[in-house]
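Shown next, in structure tokens, is the structure this report addresses.
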Amino acid sequence: MSVAHEVNFDGLIGPSHNYGGLSDGNLASAANAGDIANPREAALQGLEKMRMLIAHGLVQGVLPPLPRPNFDLLVSAGFGGTDAQIIEAASKTAPGLLKAAYSASSMWTANAATVSPSADTRDGRLHLTTANLSTMLHRAQEHPDTTASLISIFSNDEKFAVHGALPMHPDFSDEGAANHVRLCSSHGEEGVELFVYGREAGESTIGFPSRQSKLASESVARGHGLKSNRCVFIRQSRAAIDAGAFHNDVVSVGALDTLFFHELAFEDRNGALDAIRRASSGLFDFKPVMVPLAEVPIEDAIRAYLFNSQLLKMPEEDRLVLVAPTETENTVSTRAYCERLVESNGPIGKVIYADVRQSMRNGGGPACLRLRVVMTDDEIDACHQGVLMDEETIDELQEVVRRTYRDRLAPADLADPLFANECREAREALLGVLDLEGLC
Ligand code: SUG
């Protein structure tokens, strides 16, 4: 067994963070559509969360924001001329498309890719498959730039394999690590990978969209060279999707040997738990922690984002720590549940609340904001060092954010051609700090 760490790559929240109301089935996105956003505060909140986790002894990385507005998308839609002319015309005739082209949704890096550590793969390399995010237009534009970022960061072919997105067809709908959980006894040892999907390829569903197909999950597992006896494919419940759980990480989170989930998360709960027990046999003693419906109604779980938390092994703690959003603390049933959780002698021993309210108002909690990449010491040394954070780099990034980001962003501001220049300059300054100028 080699020593390995779970490195959390958080999305650096971009300067065009706004409330576009773009995600059908995401209740927070719909509820806050059109409100004034605070991009500067959003980015500072995200960076403070990273600072807090570094202080707890964890290895922290970042993924840079993608170029916005995405002029390629606007040009594909028939707009032409100078940048200013494109924005002016799009704002008048296709304002919804302009909002999509400006979306800062790449901040939710749990949707950037699915990741399998080298301990699980046949070729002994760490595999990443960029998510195609094909269900929502504003997210479907992310994958080419996300793949470019991942290639820049994980460029050593002997240690890393970066796979491009699956085909852009509903049969292959893939939302990345938001629908993927890895369980193990310790990070560096072989684990069990859980793939949660909402529908079969070709199946039509009614209600809110199911953003992950089983074919997509199976394709990623095959591409990563995972052992079939260590993979479990689990169907997410229709009840959870229709209650607003557009990704599985809104109703469950796992770490090491523990899976923390809501009673309504899975279509066939007992079948899923049995399958996980079978897959983990000989590796670890699986510990399920189910939150009963009677204690936390599904509506509260989704509003408070109890499960969209980071479940972490912190060096100074014996038991796992749940980093939950402040909305969990401010909701009566979830706060009370968390108090009972830490008092019990189960595998989760502490809850820390983090303020990521700007992201939460678009449906993104602490877990959405990070992509977990389990890496050995050698792999950490082999990746691009500029994206690994320390307090000093966080300070530098915050200085850029304070200097270049707007305090307030209203939907109408997207029509201002000068804003496009501001976004480009802000991103270039961030890429300078991360030593990733090649992505400019
Ligand atoms: O894809 N929200 C994101 C939230 C993603 C949360 N990620 C995870 N659960 N892992 C989404 O629905 C809203 C953007 C807007 O409406 O402006 C948005 O895209």
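The values are calculated or read from the model by the stated rules, or taken from the named source; none is laboratory data. Quick caveat: nothing in here was measured; it's all calculated off a predicted structure. We place every Cβ from the backbone using ideal geometry, glycine too, and count neighbours over all the protein chains shown.
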Go through the range 95-120 and count every residue that is more than 16 Å from the ligand (Cβ to nearest atom) and either outside any strand (DSSP E or B) or more than 22 Å from Arg370 (Cα to Cα) (or both).
4
Quick test for you: out of Thr93, Thr109, pick the one residue that is among the β-branched types (Val, Ile, Thr), under 23 Å from Asp381 (Cβ atoms) and modelled with pLDDT of 95 or more.
Thr109
Matching residues, the range 12-66, being farther than 28 Å from Pro144 by Cβ and among the charged types (D, E, K, R)
Asp35, Glu41, Glu48, Arg51
Considering only residues of the range 1-28 that are more than 13 Å from the ligand (Cβ to nearest atom), surrounded by 20 or more Cβ atoms within 10 Å (Cβ to Cβ) and in a loop (DSSP other than H, G, I, E, B), which is nearest to the chain's Cα centre (by Cα)?
Leu12
Please work out which residue is nearest to the ligand (Cβ to nearest atom), limiting yourself to the range 38-53 and to residues that are within 26 Å of Val251 (Cα to Cα) and of a type in the set (A, V, I, L, M).
Ala42
Looking at the structure I just gave you, is Asp123 among the charged types (D, E, K, R), in a helix (DSSP H, G or I), surrounded by fewer than 21 Cβ atoms within 10 Å (Cβ to Cβ) and touching a Gly at 6+ places or on another chain (Cβ under 8 Å)?
no
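Which one of these is under 28 Å from Phe208 (Cβ atoms) and either free of Cβ contacts under 8 Å to residues at least 40 places away in the same chain or basic (Lys, Arg) (or both): Arg68, Arg51, Arg40?
Every option except Arg68 fails the conditions.
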The condition of being under 30 Å from Thr326 (Cβ atoms) and surrounded by fewer than 19 Cβ atoms within 10 Å (Cβ to Cβ) holds, among Ala100, Ala31, Ala43, only for Ala31
Could you please tell me which pairs satisfy a Cβ distance under 7 Å, a separation of 6+ or placement on different chains, a first residue in the range 96-110 that is of a type in the set (D, E, K, R), and a second residue that is assigned to a loop (DSSP other than H, G, I, E, B) and near the ligand (Cβ under 9 Å from one of its atoms)?
Lys99/Gly20; Lys99/Leu22
Contact list, first residue from the range 124-142 and free of Cβ contacts under 8 Å to residues at least 12 places away in the same chain, second anywhere and outside any strand (DSSP E or B) and more than 10 Å from the ligand (Cβ to nearest atom), beta-carbon distance below 7 Å, six or more apart or interchain, is Gly124/Ser118
Please verify whether the range 405-419 includes one or more residues that are in contact with a strand residue (DSSP E or B) (Cβ under 6 Å, 6 or more places away or on another chain) and outside any helix (DSSP H, G or I).
yes
Of the residues in the range 309-341, those that are aliphatic (A, V, I, L, M), buried (at least 16 other Cβ atoms within 10 Å of the Cβ) and closer than 21 Å to Pro292 by Cβ come to Leu311, Leu320, Leu322, Ala324, Leu341
Can you name every residue in the range 282-297 that is surrounded by fewer than 13 Cβ atoms within 10 Å (Cβ to Cβ) and either touching a strand residue (DSSP E or B) at 6+ places or on another chain (Cβ under 9 Å) or at negative phi (or both)?
Asp285, Pro292, Ala294
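What helices (runs of 4 or more DSSP H) completely inside the range 274-383 contain at least 1 residues that are touching a His at 6+ places or on another chain (Cβ under 8 Å) and at pLDDT below 95?
Qualifying helices (runs of 4 or more DSSP H): none found.
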Of the residues in the range 241-267, those that are out of contact with any helix residue (DSSP H, G or I) (no Cβ under 7 Å at 6 or more places or on another chain) and part of a helix (DSSP H, G or I) come to Ile241, Asp242
Filter pass, Leu215 being away from the ligand (no atom under 16 Å from the Cβ), at pLDDT 95 or above and either crowded, with 17+ Cβ neighbours inside 10 Å or part of a helix (DSSP H, G or I) (or both)
yes
